[in-house]
Amino acid sequence: MQSLARLLEGQHRDLRRRILTLLSERRFAASPGLPREEYRELVLKWCRALAREGLGGLGYPAEFGGQGDPAAGIVAFQTIAFHDLSLVVKFGVQFGLFGGAIANLGTERHHVRYLPKVASLALPGCFAMTETGHGSNVRDIRTTARYDPKSRGFVVHTPNAEDRKDYIGNAALHGRTAVVFAQLEVDGERHGVHALVVPIRDARGNPRPGVRIEDCGDKLGLNGVDNGRIRFDHVRVPRTALLNRFGDVGPDGTYSSPIPDPSKRFFTMLGTLVQGRVSIAAASVSASQSALAIAVRYGLRRRQFGPPGGEEVLLLDYRTHQRRLLPAVAATYAMHFGVEQLIADYARAQTASKDQGKARRQLEGFAAGLKAAATWHATETIQMCREACGGQGYLAVNRLAALKADTEVFTTFEGDNTVLMLLLARSLLTDYRVQFEDMDWVKTSRYLAGRVLSSLQEATPAGAFLDVLFQAVPGRGEGTDVRRREVHLEAFRFREQHLLAGLGRRIKRVLDEGVGSYEAFERHGDHAVAAARAHVDLMLLERFSQVAERARGERLKDTLGTLCDLFALSRIERDRGWFQEHGFLSGGRSKEVVKAVGELCAELRPKAGDLVAAFGIPDAVLAAPITVQG
Ligand SMILES: Cc1cc2nc3c(=O)[nH]c(=O)nc-3n(C[C@H](O)[C@H](O)[C@H](O)COP(=O)(O)OP(=O)(O)OC[C@H]3O[C@@H](n4cnc5c(N)ncnc54)[C@H](O)[C@@H]3O)c2cc1C
């Protein structure tokens, strides 16, 4: 179905096609089972080839070797993620994290000096934030950058063994320079986490004086990326090494910042690095698409069992097989359109003439939530696809093993998923604060706790709320209600609002006991994560439903509508215990949902091949012989 493929290609169709043609060339052919050292060199070679094609700096400003198109930078990353995932991660470390930190935290002097060399890969670099002792909690990292007024420079130092930089991509072998995050200290006063450009290797590739580098060694996956650990022993860098967009030290040793509040400064700085999360969400969708393309195509050619005397049956004709694969296809479409929206929001924020506080905060929240949702979805989907391909799926040559091993850690880097969902929940509480002017999230929790909506719903006997809801939906027809889009949207909104209000109520109860706000929130972290997940689901459904409604052509509209319904109903089915507990679904309605999911799968079965073909992954890039007849 060409119209579907065109829709998925989106606005950067030519770029996607150009990259896929490039990745289909023989020099990019997959080589499963390469020894680690050879694999790392091959990935570097591939990265250099992509840089030569001008794909490294698409998002950087044109005057510094880029094309000034932030969305194109992420679409390139998303497309490369159909290929080897070590390549995409190495690509992301160099051009997204290392280059992105210089672009977003530095000023013109850094852009002029470094960005063209980063974009061409003449200067391979690292993004050195995490320490052995501090991963998610970046605010408390311990590496120091002390200003020395005599030499007018900084001294970068690792105080203790657990303060070494850890897991740093590109550090073990290829990185020459690192953006190092450290506590900035001027004249005995701490100014919080800042970033500096620190050379770590000389022109021959040897560690510079005072720098000690170790290899992290073999990992569960992504073994084409050279992760390493770095220690600094009083390493001196000039004053201008400080990436000084949000904080600077003058030659006289005076610290200044456009954001005086240290906490706000810290979050603003980290917020500018949102690109990494958007990119990982996008890459996770590509990985899910690859896995589904393999499993569905295999399911359309592999036969097992059959009626006595008859032909054996195609795997995808089994209802269980449809039930496993097709809801995942539908959810992957939902994620694809969600990511497309996220990329557009990100590009808009990057090119906005002035910072639009609320829009930026919402972007950061959506990026955190979608990164978590898309990476969890990829992990689950790839596992399920491996099982759906039986023993064939376990062979390295058929790609699923690598997809599984390499995406596994997407749930952890660029922000651990649980930590990100907690961040999103806090941000959702803050949205109410913005609505009600100067309320902080503690006051917000009190407000939410008293919401009329929640008490109305809690007082409603099981099943009755659904009936109220259905009556509110015009044109309800018996037996078809469960497939109405309005009902799906109401269900998702109800769950999000209810969980958020419940979170407020629970936090308030703890606050009323005299417990501090930090602990009050943490005590209900599980509830907060559920609220955040419900919010992401709602965003995805709203977006998917919009795309389906706006689609041109009956056939396309119909296919997207069915996929969207399957996404919504399979999510409700998965959480039907909750919907029943909270009076949204009666037992009977719940059974209708289960039945409808099965029916939708059967409806989509004849289109299954087209649905995965529309992902547009060439065979040479998919690189899974299992998908080809023979
Ligand atoms: C392959 C790979 C590549 C990487 N590349 C880089 C790189 O190039 N540069 C870089 O700087 N870093 C890199 N990292 C580090 C990565 O960013 C960190 O691993 C990540 O931030 C998580 O930190 P952590 O591993 O210390 O886990 P922790 O923060 O210790 O988390 C461990 C567990 O505790 C839970 N947890 C933590 N805090 C809370 C909380 N408040 N509430 C509830 N639960 C909580 C988490 O959910 C998680 O399950 C890389 C990591 C990997 C695995």
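The values are calculated or read from the model by the stated rules, or taken from the named source; none is laboratory data. Not measured: the values here are computed from a predicted model. Cβ placement follows ideal geometry from the backbone for every residue including glycine, while neighbour counts extend to all protein chains displayed.
Hey, can you tell me all the residues within the range 284-314 that are part of a helix (DSSP H, G or I) and of a type in the set (G, A, S)? Steps first, please.
Just the residues of the range 284-314 that are part of a helix (DSSP H, G or I), to begin with: 284-299.
Of everything in the range 284-314, those that are part of a helix (DSSP H, G or I) and of a type in the set (G, A, S) turn out to be S284, S286, A287, S288, S290, A291, A293, A295, G299.
A quick yes/no check of all residues on (1) among the charged types (D, E, K, R); (2) more than 16 Å from the ligand (Cβ to nearest atom); (3) without any contact (Cβ under 8 Å) to a residue 24 or more places away in the chain:
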residue: F494; (1), (2), (3): no, yes, no
residue: D512; (1), (2), (3): yes, yes, yes
residue: S517; (1), (2), (3): no, no, no
residue: H535; (1), (2), (3): no, yes, no
residue: R543; (1), (2), (3): yes, yes, no
residue: V547; (1), (2), (3): no, yes, no
residue: E554; (1), (2), (3): yes, yes, yes
residue: L560; (1), (2), (3): no, yes, no
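Is there any pair linking a residue in the range 165-180 that is among the acidic types (D, E) to one that is more than 10 Å from the ligand (Cβ to nearest atom), with Cβ under 6 Å and at least six apart or on different chains, and which?
As it stands, the answer is D166/R229, since those pairs meet every condition given.
(1) within 16 Å of the ligand (Cβ to nearest atom); (2) more than 20 Å from H194 (Cα to Cα); (3) surrounded by fewer than 24 Cβ atoms within 10 Å (Cβ to Cβ): which one isn't true of A122, the others all being true?
(1)
Could you please give the count of residues in the range 42-97 that are free of Cβ contacts under 8 Å to residues at least 24 places away in the same chain and touching a Ser or Thr at 6+ places or on another chain (Cβ under 7 Å)?
Selection size over the range 42-97: 0.
Can you name the strands (runs of 3 or more DSSP E) wholly within the range 159-267 that have at least 1 residues being more than 16 Å from the ligand (Cβ to nearest atom) and either loosely packed, with under 13 Cβ neighbours inside 10 Å or acidic (D, E) (or both)? Break it down into steps so the answer makes sense when it comes.
Working: elements: 165-168, 177-186, 189-199, 211-215, 228-232, 235-238.
Those strands (runs of 3 or more DSSP E) span 177-186, 189-199, 235-238.
Return a yes/no flag: does the range 127-134 have any residue that is within 12 Å of the ligand (Cβ to nearest atom), out of contact with any His (no Cβ under 6 Å at 6 or more places or on another chain) and acidic (D, E). Before the answer, list the steps.
Looking only at the range 127-134, we keep the residues that are within 12 Å of the ligand (Cβ to nearest atom), and these are 127-134.
Add one more test, that the residue is out of contact with any His (no Cβ under 6 Å at 6 or more places or on another chain), and what stays is 127-134.
If we keep only those that are acidic (D, E) too, we end up with 131.
Taking every residue of the range 127-134 in turn, at least one turns out to be within 12 Å of the ligand (Cβ to nearest atom), out of contact with any His (no Cβ under 6 Å at 6 or more places or on another chain) and acidic (D, E).
Please go through the range 101-111 and give me each residue that is in contact with a Leu (Cβ under 7 Å, 6 or more places away or on another chain) and more than 16 Å from the ligand (Cβ to nearest atom), ordered by number.
From the range 101-111, those in contact with a Leu (Cβ under 7 Å, 6 or more places away or on another chain) are 101-106, 110; that's our starting set.
A103, G106, H110 - these are the residues of the range 101-111 that are in contact with a Leu (Cβ under 7 Å, 6 or more places away or on another chain) and more than 16 Å from the ligand (Cβ to nearest atom).
Looking for something modelled with pLDDT under 95 and of a type in the set (A, V, I, L, M, F, W, C) - is there at least one such residue anywhere in the range 60-67?
yes
Going through the range 145-158 one residue at a time, which ones are within 16 Å of the ligand (Cβ to nearest atom) and either surrounded by fewer than 18 Cβ atoms within 10 Å (Cβ to Cβ) or in a loop (DSSP other than H, G, I, E, B) (or both)?
At the first step, the residues of the range 145-158 found to be within 16 Å of the ligand (Cβ to nearest atom) are 145, 156, 158.
The answer is T158, and nothing else.
Buried (at least 19 other Cβ atoms within 10 Å of the Cβ), modelled with pLDDT of 95 or more, near the ligand (Cβ under 10 Å from one of its atoms) and part of a helix (DSSP H, G or I): is that true of F98 in this structure? Give the derivation first.
Working: buried (at least 19 other Cβ atoms within 10 Å of the Cβ): yes; modelled with pLDDT of 95 or more: yes; near the ligand (Cβ under 10 Å from one of its atoms): yes; part of a helix (DSSP H, G or I): yes.
Spelling it out, F98 is indeed buried (at least 19 other Cβ atoms within 10 Å of the Cβ), modelled with pLDDT of 95 or more, near the ligand (Cβ under 10 Å from one of its atoms) and part of a helix (DSSP H, G or I).
Which of (1) in a helix (DSSP H, G or I); (2) over 21 Å from A328 (Cβ atoms) does R533 not meet, given it meets every other one?
Every listed condition holds for R533 apart from (2).
For the list (1) outside any helix (DSSP H, G or I); (2) surrounded by 24 or more Cβ atoms within 10 Å (Cβ to Cβ), I need the number of the one condition that A281 fails.
Result: A281 fails condition (1) only.
Considering only the range 396-435, how many residues are among the charged types (D, E, K, R), in a helix (DSSP H, G or I) and over 30 Å from Q497 (Cα atoms)? Even if it seems obvious, please write down each step before you answer.
In the first step, residues of the range 396-435 are kept if they are among the charged types (D, E, K, R); the result is 399, 404, 406, 408, 414, 416, 426, 431, 433.
Filter again for in a helix (DSSP H, G or I), leaving 404, 406, 408, 426, 431, 433.
Of the ones still in play, those that are also over 30 Å from Q497 (Cα atoms) are 404, 406, 408.
Adding up the residues that qualify gives 3.
Out of curiosity, is R142 more than 16 Å from the ligand (Cβ to nearest atom) and either in a helix (DSSP H, G or I) or among the charged types (D, E, K, R) (or both)? Full working, then the answer.
Details: more than 16 Å from the ligand (Cβ to nearest atom): no; either in a helix (DSSP H, G or I) or among the charged types (D, E, K, R) (or both): yes.
Taking the combined requirement at face value, the residue does not satisfy it.
Please determine, by comparing only the residues of the range 380-397 that are among the charged types (D, E, K, R) and loosely packed, with under 14 Cβ neighbours inside 10 Å, which one is nearest to A295 (Cα to Cα).
If we filter the range 380-397 for residues that are among the charged types (D, E, K, R), which is where we start, we get 380, 386-387.
Imposing the further condition that a residue be loosely packed, with under 14 Cβ neighbours inside 10 Å reduces the set to 380, 387.
Numbers: E380: 14, E387: 9 Å.
This residue is E387.
How many residues are in a helix (DSSP H, G or I) and either under 19 Å from L273 (Cα atoms) or of a type in the set (A, V, I, L, M) (or both) if we restrict to the range 112-139? Don't jump to the end; show me each part of the working.
Kept after step one, since they are in a helix (DSSP H, G or I), are these residues of the range 112-139: 112-119, 138-139.
Filter again for either under 19 Å from L273 (Cα atoms) or of a type in the set (A, V, I, L, M) (or both), leaving 112, 114-115, 118-119, 138-139.
Of the residues in that region, 7 qualify.
Counting residues that are at pLDDT 95 or above and surrounded by 20 or more Cβ atoms within 10 Å (Cβ to Cβ), which helices (runs of 4 or more DSSP H) fully inside the range 567-630 reach at least 3? Don't jump to the end; show me each part of the working.
Numbers: elements: 576-581, 587-604, 608-613, 619-622.
Filter on the range 567-630 gives 587-604, 608-613.
Please enumerate the residues belonging to the range 191-246 that are farther than 21 Å from S86 by Cα, touching a His at 6+ places or on another chain (Cβ under 8 Å) and of a type in the set (D, E, K, R).
Passing the criteria: only D233.
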